[in-house]
């Protein structure tokens, strides 16, 4: 949209905007927001910013938590989910200091910005493009509770195979177990909703590639976006989740990005495609290389695979993440790379053949991650691989041009695997995080806070009796 204050003010008048809304990202990757009357959006605000208490966002101690938010003008977009005419903006955060404020080094967007600056400083490239795939479930209704006397959840989705003849919503067009991939109407009951989601995303400046029903027959969807600048796509990921959830609510249903909301069905990931450019030229292309990838690209892959266990603590930061990373559901569980092999952590799409599209995807991330931290961590792992010339083939990580799930137990034992739990991933991050702190990209303090928060969550959840434990052990 507009790039100057005057242009924004003119837009506000022309469109009768009454409220300006500012969206901030907390340490976990959730949007929070605060709003002002449109007439208060002035030059003084742009100069001084808006003060807020950062301690409530998870990344600042109470004794030093006064921060200032500065809007990014060209992020302005009309938020159609507010009933009052509202203009929405994201922004950056600074710490109050003398004589001048300074960027808050732990703020998610600032970490991503610093990672891109570090990329340029290395001389390897000056731009990183990424392309995330958004997988999620749409349900008609969900209830859940965790009480001392009662614990459980219930999901209603009328397209699921478990809908019975007694259900008044049953029309005989349910989707069978794990058979939803590209299913058509009338089984694909959320087709129009996905189309509305994509149109709404376009209004927010998100370039949609396509949408379709995913494998999970109980309501799993996918929206994939075009490749774009890393920082913009991290911004767009926050916006995409906001749009998908709000469009679902407007439809009378609910959306979740939980990696594994339904046992036995396909899990939802957020595969991330990536490629580097320098002076407008692709860095990852070599027509003679494996998968037409350059030596630099393979070193980048080597860095991803070398640091895969610790990366998981950032790209897969929930206990639920590791219920998805299990064999048999196209989710990667082994550390390796290959052409067009969805069972490998790093996959090289066979259809991406031109130099400016030659890339690979990291398949383990999911959308419970903070996209700014995840993208920055992925970049830093890859750069470490380039710096240290980590050859994935010489390290024994492939290429695995076969289905890893079909290996016998003896063969599987020879292949390194991803962490099986969040606690294992956090252990790996504690031991292996120097690559993240290079160039001051990830502050040590931020990593310690992240580990502490996630450990606390994991410990809390591990202490809660599971309903399945009653079925297994109650009568013993």
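What follows is calculated from the coordinates using simple rules that are stated; it is not laboratory data. From a predicted model like this one, the values you see are computed outputs, not experimental measurements. Reconstructed Cβ throughout: ideal geometry from the backbone, glycine too, with neighbour counts over all protein chains shown.
Measuring r between the beta carbons of residue 323 and residue 410 and using R0 = 25 Å, the FRET efficiency lands at 0.45. In terms of its C-alpha gyration tensor, the chain comes out rounded, because the ratio a/c of the largest to the smallest axis stays below 1.5.
Placing a label point 7 Å from the Cα of residue 82 along the Cα-to-Cβ direction, the residues of the range 16-34 with a backbone N closer than 17 Å are 16-25, 31-34. Remark: the residue 142-residue 122 segment gains 2.4 nm on full extension, using 0.36 nm per residue and subtracting the alpha carbon distance. With a Förster radius of 41 Å applied to the beta-carbon distance between residue 161 and residue 460, the computed FRET efficiency rounds to 0.80. Beta bridges from DSSP with both residues in the range 121-473: antiparallel share about 90 percent, rounded to the nearest 5.
The order of 388, 456, going from fewest to most other C-beta atoms within 10 Å of their C-beta, is 456, 388. Spatially, the range 381-450 and the range 316-340 are offset by 13 Å when compared through their Cα centroids.
The Rg/Rh ratio of the range 1-139, with Rg taken over Cα atoms and Rh as the Kirkwood radius over Cα pairs, comes to 1.00.
Taking 0.36 nm per residue of separation and subtracting the current Cα-Cα distance, fully stretching the chain between residue 192 and residue 402 would add 71.9 nm. Listing 268, 83, 154 from fewest to most neighbouring C-beta atoms within 10 Å gives 83, 154, 268. Spin-label pair residue 468-residue 356: with each label point 7 Å from Cα along the Cα-Cβ axis, the two points sit 4.8 nm from one another.
Taking other C-beta atoms within 10 Å as the exposure proxy, 199, 293 rank 199, 293 from fewest upward. In this calculation the C-beta distance from residue 47 to residue 10 is compared with R0 = 22 Å, giving a FRET efficiency of 0.70.
The gain in end-to-end length when the residue 100 to residue 182 segment is fully stretched comes to 24.1 nm, 0.36 nm per residue minus the alpha carbon separation.
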